[in-house]
Structure formats: C-alpha cells, structure tokens
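Worksheet: one structure, shown below.
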Amino acid sequence: MHRIPFKLKAPFQPTGDQPEAIRKLTESVTAGAWHTTLVGVTGSGKTFTLANVVEHIQRPTLVISHNKTLAAQLYQELKEFFPENSVHYFVSYYDYYQPEAYIPQTDTYIEKDAKINDLIDSLRHAATASVLTRSDTIIVASVSCIYGLGNPEAYENASIEIGAGERVPPRALAKKLTALQYQRNAVDPRRGEFRVRGGIFEIHTPSGEEIIDIEIEKDTVRSISMRRPELDAPRSTFHATRIFPGKHFVPPQEKLEIALENIKDELHERLAYLKKEGKLVEAQRLEERTNYDIEMIRTMGYAPGIENYSRHLDFRRSGEPPSTLIDYFRRAHPHFLPIIDE
C-alpha cells in the first residue's frame, strides 16, 4: 500500500477562531472521542479547518454529504487543498432508475430500467481502488456510500497481481481478465475492456484513469507500463501491477455453484408461497426472471441487478446488511476518519 503523507497546500493560513478549532478537533480525534461537532456559518472556512485536521492526524478520510451537489463542491475544495494526495468523488451512478413493478388489475409488468452514468461509475471504481491501495485517500461521498456495494474482501481477493519475469501464458491472462468482468474489444477498447496486439495486453482500468500495458513474450512477462488515456501521455514503467475487477459485484468463482443453488432454494420457497396465494402470474414472472439471471451469472459472471442476489453471493445470513463503501474503509483502514457534513 502506498504510504504518502497528507500535505495541505493553500495560499493562506488559519485565522480567527480556526487555529483553536483545529487544535480542539485534533485533540478530540486523537483522544478517541466518539463524535465532535464543528459549528460555523456559511463561508467561515469549515472545510479549510477540517482539511488542517486531516493533515494533523494523517488518517484516510471519508467525508459524507447529503447530496451530490454539495459533495461535488467539497470534492473540488479538498482536491485543491491536497493536490499530491488521492482525493475522490463517490455518489450514486444512476441518471435514471425505474424499479420493476407489477399492476395486477391490468396484468401489467414493468421491467426495471436504469441508466448508469459512465463517468460517475468510473469515479466510484477509482475511489474503491484508492481506498484499498493508498493510505493518503480522501473520499467525498453522498449518502450513496451507505448503500449496498460489492463485498470488499471478494473484490480485493479477486484482483490479480502481475510482476515482470512471471510466467503468465497469454491465454491464461485473457481468461483471468474475462473472469474479472473485463470485456475483450479488439477495435476500440474503453474502460473495463482489453485487447491483445503483438503480445501486448492493453488493459483499460475500470476507473478509466489508466491504461496498463503488459508485454508477454514466450509466456513470460517482459515489461509492465502504465499511461493515461490522453494522446501522447507519458508512460511509466513498473516492476509489478495490481488489476482490480471490472465491476464491484464479483461472484465467488470457487463457490459460485453453491451460491446459485442457494438462490434456487429461495426461489422455490417464494414460488410455493405465491402459488399457495393464487398468484400464478407473479410466480411465473419471478421464475422466468430468476432463472434467466442465474444462467447469466453462471455463463457471464454478471447479470443486470446482480446486487439483488448479493446476500447469497456473499453467503450472508438473512437480515444481515450488505457491504458498503464504509466496509472498504474498515477493511483497509480500521481507524479511518469519518466526517459527516450537516
């Protein structure tokens, strides 16, 4: 994990009540206080005060705001205060969401429909990867950070590390990338896709921020380099790299069939209940949709709405909450600093 200190850069120094607030907040956090409140009118420099606290205590930080707009504002400010550190933005990626519904009176079934914002999805991937690999991470998030996200343990364990000099047959690497939900695109690869040309794997990370080039000759990794997608971007060479999954929900390959059987068991229970209640149409809809999703997960490793099956894929008990971004912090940084904006 990269260990880079937080370094605050600003063209001004704390003034007025800010030095005292910084001191008291720092003492409160280091003393292990359960919570501390910072009060101030708009424009009084609360964000700058908290940025100073982050620099003082040197802990990965999660800033939670109540809407996307304010989160974006805080993200921009903290990005300017910490230009050398890893500052990211994490909000809901839906531009539009229509939950599935059924109207019995007219026998009308409305399929779930959603439009995912590709840019925001890439920012979410950049945020989770940063949490798991860097100690100088600040994530500014909306309340989306408390909603279900892929299991951080499965996400991290599914990632693959590749080093120069390792024996990696091209076919085996392509198979691993496909298992990590990367799509093969030989013409114009985008984020979450890869292509192979002349023994070089060109892997576009899910965040869309980097392109990893892995040169393989005679089943051996000869070189690893990374560059940004922009034309004429400089290339950096690395001895090793880590490739995270293309999606946050990663089915456990070694226990996938067990998970799918558990989904089938619950399906049979629900079908029996619906038929007993005389809801035959509802039972038919549920059976068709679930069997389709099961086959998609088995063959493709993913299905639209896979989060609906996360309890079985994570092997959680009934009623146990799903993983969230907070669990990613807890896994990598047990003593991270949470800041909740009013």
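The values are calculated or read from the model by the stated rules, or taken from the named source; none is laboratory data. A quick note: this is a predicted structure, and the numbers were derived from the prediction, not measured. Glycine gets a Cβ as well: all are built from the backbone with ideal geometry, and neighbour counts include every protein chain shown. Calculation scope for accessible area: heavy atoms of the full protein, side chains included, ligands and nucleic acids excluded. Shrake-Rupley method; radii C 1.70, N 1.55, O 1.52, S 1.80 Å.
Please go through (1) out of contact with any helix residue (DSSP H, G or I) (no Cβ under 6 Å at 6 or more places or on another chain); (2) farther than 20 Å from Asp118 by Cα; (3) crowded, with 19+ Cβ neighbours inside 10 Å for Ile211 and return the number of the only condition it doesn't satisfy.
So the condition that Ile211 fails would be (2).
For Ser318, work out the one condition from (1) more than 28 Å from Ser28 (Cβ to Cβ); (2) of a type in the set (S, T, N, Q); (3) surrounded by 13 or more Cβ atoms within 10 Å (Cβ to Cβ) it doesn't fulfil.
(3)
Please go through the stretch 300-315 and give me each residue that is outside any loop (DSSP other than H, G, I, E, B), open to solvent by less than 90 Å² (accessible area, probe 1.4 Å) and either out of contact with any Asp or Glu (no Cβ under 8 Å at 6 or more places or on another chain) or at pLDDT below 90 (or both), ordered by number. Lay out the reasoning, then the answer.
Applying the first criterion (outside any loop (DSSP other than H, G, I, E, B)) to the stretch 300-315 yields 300, 306-314.
Adding the requirement that they be open to solvent by less than 90 Å² (accessible area, probe 1.4 Å) leaves 306-307, 309-314.
Those that are outside any loop (DSSP other than H, G, I, E, B), open to solvent by less than 90 Å² (accessible area, probe 1.4 Å) and either out of contact with any Asp or Glu (no Cβ under 8 Å at 6 or more places or on another chain) or at pLDDT below 90 (or both): Ile306, Glu307, Ser310, Leu313, Asp314.
Give me the residue from the stretch 127-142 that is under 19 Å from Phe81 (Cα atoms) and of a type outside the set (Val, Ile, Thr) and, out of that set, surrounded by the fewest Cβ atoms within 10 Å (Cβ to Cβ).
Out of the qualifying residues, it is Arg134.
Just one of the numbered conditions (1) surrounded by fewer than 15 Cβ atoms within 10 Å (Cβ to Cβ); (2) of a type in the set (Lys, Arg); (3) modelled with pLDDT under 95 is not true of Arg23; which one?
Here Arg23 meets the rest and fails (3).
Looking only at the stretch 6-59, how many residues end up being part of a helix (DSSP H, G or I), within 23 Å of Arg134 (Cβ to Cβ) and polar (S, T, N, Q)?
Matching residues across the stretch 6-59 total 4.
In the stretch 172-195, what residues are surrounded by fewer than 16 Cβ atoms within 10 Å (Cβ to Cβ) and touching a Ser or Thr at 6+ places or on another chain (Cβ under 9 Å)?
Arg184
Tell me, which residue of the stretch 39-61 that is of a type in the set (A, V, I, L, M, F, W, C) and surrounded by fewer than 17 Cβ atoms within 10 Å (Cβ to Cβ) is modelled with the highest pLDDT? Walk me through how you get there before you give the answer.
So in the stretch 39-61, the residues of a type in the set (A, V, I, L, M, F, W, C) come out as 39, 41, 48, 50-51, 53-54, 57.
Applying the additional criterion that residues be surrounded by fewer than 17 Cβ atoms within 10 Å (Cβ to Cβ) yields 39, 41, 57.
On the way: Val39: 91, Val41: 85, Ile57: 96.
Restricting to residues being of a type in the set (A, V, I, L, M, F, W, C) and surrounded by fewer than 17 Cβ atoms within 10 Å (Cβ to Cβ), the top hit is Ile57.
Quick check, is Arg242 open to solvent by 60 Å² or more (accessible area, probe 1.4 Å), at pLDDT 90 or above, in contact with a strand residue (DSSP E or B) (Cβ under 6 Å, 6 or more places away or on another chain) and closer than 29 Å to Tyr302 by Cβ?
Working: open to solvent by 60 Å² or more (accessible area, probe 1.4 Å): yes; at pLDDT 90 or above: yes; in contact with a strand residue (DSSP E or B) (Cβ under 6 Å, 6 or more places away or on another chain): yes; closer than 29 Å to Tyr302 by Cβ: yes.
Answer is yes for this residue.
Being among the hydrophobic types (A, V, I, L, M, F, W, C), crowded, with 20+ Cβ neighbours inside 10 Å, touching a strand residue (DSSP E or B) at 6+ places or on another chain (Cβ under 6 Å) and closer than 15 Å to His248 by Cβ, is that true of even one residue in the stretch 88-99? Full working, then the answer.
Keep residues of the stretch 88-99 that are among the hydrophobic types (A, V, I, L, M, F, W, C), which gives 90-91.
After this cut, where a residue has to be crowded, with 20+ Cβ neighbours inside 10 Å as well, the list is 90-91.
Of the ones still in play, those that are also touching a strand residue (DSSP E or B) at 6+ places or on another chain (Cβ under 6 Å) are 90.
Retained after the next criterion (residues that are closer than 15 Å to His248 by Cβ): 90.
Checked against the condition, which is being among the hydrophobic types (A, V, I, L, M, F, W, C), crowded, with 20+ Cβ neighbours inside 10 Å, touching a strand residue (DSSP E or B) at 6+ places or on another chain (Cβ under 6 Å) and closer than 15 Å to His248 by Cβ, the stretch 88-99 yields at least one hit.
Restricting to the stretch 246-288, name every residue that is within 23 Å of Ala101 (Cα to Cα) and open to solvent by less than 70 Å² (accessible area, probe 1.4 Å).
Ile263, Lys264, Leu267, Leu271, Ala272, Leu274, Gly278, Val281, Glu282, Ala283, Leu286
Could you count how many residues in the stretch 220-246 are of a type in the set (Gly, Ala, Ser) and either part of a loop (DSSP other than H, G, I, E, B) or touching a Phe, Trp or Tyr at 6+ places or on another chain (Cβ under 6 Å) (or both)?
Applying the first criterion (of a type in the set (Gly, Ala, Ser)) to the stretch 220-246 yields 223, 225, 233, 236, 240, 246.
Cutting the leftovers down to either part of a loop (DSSP other than H, G, I, E, B) or touching a Phe, Trp or Tyr at 6+ places or on another chain (Cβ under 6 Å) (or both) gives us 233, 246.
So the count comes out to 2.
Can you find, within the stretch 321-342, the residue that is farthest from Gln181 (Cα to Cα) among those that are open to solvent by less than 40 Å² (accessible area, probe 1.4 Å) and β-branched (Val, Ile, Thr)? Before you say what the answer is, go through the steps one by one.
Keep residues of the stretch 321-342 that are open to solvent by less than 40 Å² (accessible area, probe 1.4 Å), which gives 323-326, 328-329, 332-333, 336-337, 339.
Okay, now just the ones that are also β-branched (Val, Ile, Thr), so 324, 326, 339.
Values: Thr324: 20, Ile326: 23, Ile339: 33 Å.
Among residues in the stretch 321-342 that are open to solvent by less than 40 Å² (accessible area, probe 1.4 Å) and β-branched (Val, Ile, Thr), the one farthest from Gln181 (Cα to Cα) is Ile339.
Could you list, in sequence order, all residues of the stretch 65-87 that are part of a loop (DSSP other than H, G, I, E, B) and surrounded by 15 or more Cβ atoms within 10 Å (Cβ to Cβ)? Let's see the steps before the verdict.
We begin by selecting, within the stretch 65-87, every residue part of a loop (DSSP other than H, G, I, E, B); these are 65-67, 82-85.
Within the stretch 65-87, Ser65, Phe82, Asn85 qualify.
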